[in-house]
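Sharing a structure with you now.
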């Protein structure tokens, strides 16, 4: 009986239920260090962070339409897209840009100047680093994503601005002031020649703020 107790659990009827052995987690293969001979010089990270900032600038330019709106005339061309669709797609762009800046932070050596010249200002030619083939693939994937977001953000922001100008979106001034504040933060990055790390941090902050502003603007769309 003692042996049965040690090897399992004894039910009231005397039957023994054997304990299941603990699951053994799969063994992770050892990480093979990358040989210096296998690394390559990556393109300047500023060349991809700057277009991401430009995409944020395209969205924040909605601030200007508050003062540039004009009366709609009968012979004015009708927009090809509905305001609701443009706002929805612009929100998706803002979410995509937020994810891109988070990915920048996940790869600080590639996109935040880590290990090169972390205190150098926004400047081409001082932030490039040697990277592994895997890191090079990550870089190229994000390059493609940023390029797509820049095109989409510009087009969707234009459509939203057109909807505001045509009276399809009637948002309060405070909302446009929010877009203006985002513009100012981006301008300060350029004027102060902030470090690459700071640029990425502010870019993430602005992208999250723009997402919130676009969501608020959706509530002011006229049916």
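Sort through 162, 192, 207 and tell me the only one that's touching a helix residue (DSSP H, G or I) at 6+ places or on another chain (Cβ under 9 Å) and exposed (fewer than 14 other Cβ atoms within 10 Å of the Cβ).
192
When both residues are 6+ apart or on different chains and their Cβ atoms are under 9 Å apart, which pairs have a first residue that lies in the range 171-186 and is over 14 Å from residue 59 (Cβ atoms), and a second that is at pLDDT below 95 and outside any helix (DSSP H, G or I)?
Pairs that qualify, where the first residue is over 14 Å from residue 59 (Cβ atoms) and the partner is at pLDDT below 95 and outside any helix (DSSP H, G or I), are 171/219; 171/220; 171/221; 172/220.
Sort through 183, 191 and tell me the only one that's modelled with pLDDT under 95 and either part of a helix (DSSP H, G or I) or within 19 Å of residue 213 (Cβ to Cβ) (or both).
Just one listed residue meets the conditions, 191.
Specify which of the listed residues (221, 215) is closer than 17 Å to residue 90 by Cβ, surrounded by fewer than 17 Cβ atoms within 10 Å (Cβ to Cβ), touching a helix residue (DSSP H, G or I) at 6+ places or on another chain (Cβ under 9 Å) and in contact (Cβ under 8 Å) with a residue 12 or more places away in the chain.
Details: 221 fails: surrounded by fewer than 17 Cβ atoms within 10 Å (Cβ to Cβ).
Of 221, 215, the one residue that is closer than 17 Å to residue 90 by Cβ, surrounded by fewer than 17 Cβ atoms within 10 Å (Cβ to Cβ), touching a helix residue (DSSP H, G or I) at 6+ places or on another chain (Cβ under 9 Å) and in contact (Cβ under 8 Å) with a residue 12 or more places away in the chain is 215.
The values are calculated or read from the model by the stated rules, or taken from the named source; none is laboratory data. Computed from a predicted model, the values in this text were never measured in an experiment. Don't worry about glycine lacking a Cβ; one is built from the backbone with ideal geometry, like all the others, and counts go over all protein chains shown.
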